[in-house]
Amino acid sequence: MAHKFDPSHLNRLENPDRYRAMPPEKILRELGLGPGMIFVDVGAGSGFFSLPAAELVGPEGTVYALDLVPEMLEHLRSKRPPPWLQTLPSEESRLPLPDGIADFTLACFVLHETEAPVAFLKEMGRVTKPGAPVVLIDWAKMRQDDGPPYEHRIHHHRAEELALEAGLRFRKAEMITPSHYALTVLRPSAGGEG
Ligand SMILES: C[S@@+](CC[C@H](N)C(=O)[O-])C[C@H]1O[C@@H](n2cnc3c(N)ncnc32)[C@H](O)[C@@H]1O
């Protein structure tokens with residue numbers, strides 16, 4: 001069984017050091033999020049990315065913040081997000097959204113917690129528009145005092161293999177901090193081009 005994030009450690013997600021090391025608005029902007037877009041944040045947690053995403057997409061856009069754990073979503077709602085941010089309870093490999101809705105789909109620190117990574121990635125692809133990005137931010141496969149244990153971490157090459165198995169197409173992989181990668185894959189467009 002995959003190791004899940006303990007909601008009683010929610011403050012770790014909101015640590016000011018994390019905001020400094022991994023500024024969410026800057027990262028999202030550099031990954032291409034902008035006004036009017038529909039953004040899906042799978043495993044949104046306390047809203048580390050969903051809240052700045054709502055600022056970036058603005059009232060013409062929509063943010064769907066999804067999580068397995070209701071208390072994470074309650075915590076996010078307690079921050080009074082704008083009305084174009086919706087919180088939705090999610091299942092392990094099933095997202096409560098229609099096909100092809102998202103301009104940008106993100107899972108940050110979630111892939112290494114999933115029970116069935118390929119099924120999870122297929123769902124991320126399903127809700128994404130053809131040709132649009134699915135971004136996986138996760139911990140580099142290295143030994144560190146903070147973050148998940150080494151054994152639970154997924155190397156970015158392995159994440160890429162899993163994404164290809166799920167029918168997604170490689171776009172780019174980059175280190176966004178010394179300890180974290182962002183892997184961008186695309187839902188292939190109807191004509192087969194990324
Ligand atoms: C380590 S937290 C990261 C939260 C947030 N993405 C961030 O970067 O701050 C992982 C979150 O993913 C959620 N989660 C784990 N597996 C999930 C799944 N299969 N579908 C949706 N959410 C999931 C957990 O409940 C938890 O809130």
Selected residue (criterion: most open to solvent (accessible area, probe 1.4 Å)) from residues of segment 54-84 that are aliphatic (A, V, I, L, M) and within 14 Å of the ligand (Cβ to nearest atom): LEU68
Those residues of segment 27-48 which are within 13 Å of the ligand (Cβ to nearest atom), buried (at least 21 other Cβ atoms within 10 Å of the Cβ) and of a type in the set (A, V, I, L, M, F, W, C), in sequence order: LEU28, PHE39, VAL40, VAL42, ALA44
Selection count, segment 173-192, where residues are under 24 Å from PRO148 (Cα atoms) and among the charged types (D, E, K, R): 1
Selection count where residues are hydrophobic (A, V, I, L, M, F, W, C) and either farther than 15 Å from TRP84 by Cβ or free of Cβ contacts under 8 Å to residues at least 60 places away in the same chain (or both), scope segment 29-53: 7
Segment 89-99 - residue that is out of contact with any Phe, Trp or Tyr (no Cβ under 6 Å at 6 or more places or on another chain) and without any contact (Cβ under 8 Å) to a residue 40 or more places away in the chain and, of those, nearest to the ligand (Cβ to nearest atom): GLU92
Residues being open to solvent by less than 70 Å² (accessible area, probe 1.4 Å), under 16 Å from the mean Cα position of the chain (by Cα) and more than 11 Å from the ligand (Cβ to nearest atom) - total across segment 13-26: 1
Selection status of LEU10, at pLDDT below 95, surrounded by 15 or more Cβ atoms within 10 Å (Cβ to Cβ) and of a type in the set (A, V, I, L, M): yes
LEU51 being of a type outside the set (Val, Ile, Thr), within 12 Å of the ligand (Cβ to nearest atom), open to solvent by less than 20 Å² (accessible area, probe 1.4 Å) and modelled with pLDDT of 95 or more: no
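The values are calculated or read from the model by the stated rules, or taken from the named source; none is laboratory data. Remember, predicted model here, so these are calculated numbers, not experimental data. Using ideal geometry, Cβ is built from the backbone for each residue, glycine included, and neighbour counts are taken over all protein chains shown. Heads up: the accessible areas ignore ligands, DNA and RNA and are worked out on the full protein's heavy atoms, side chains in. Shrake-Rupley method; radii C 1.70, N 1.55, O 1.52, S 1.80 Å.
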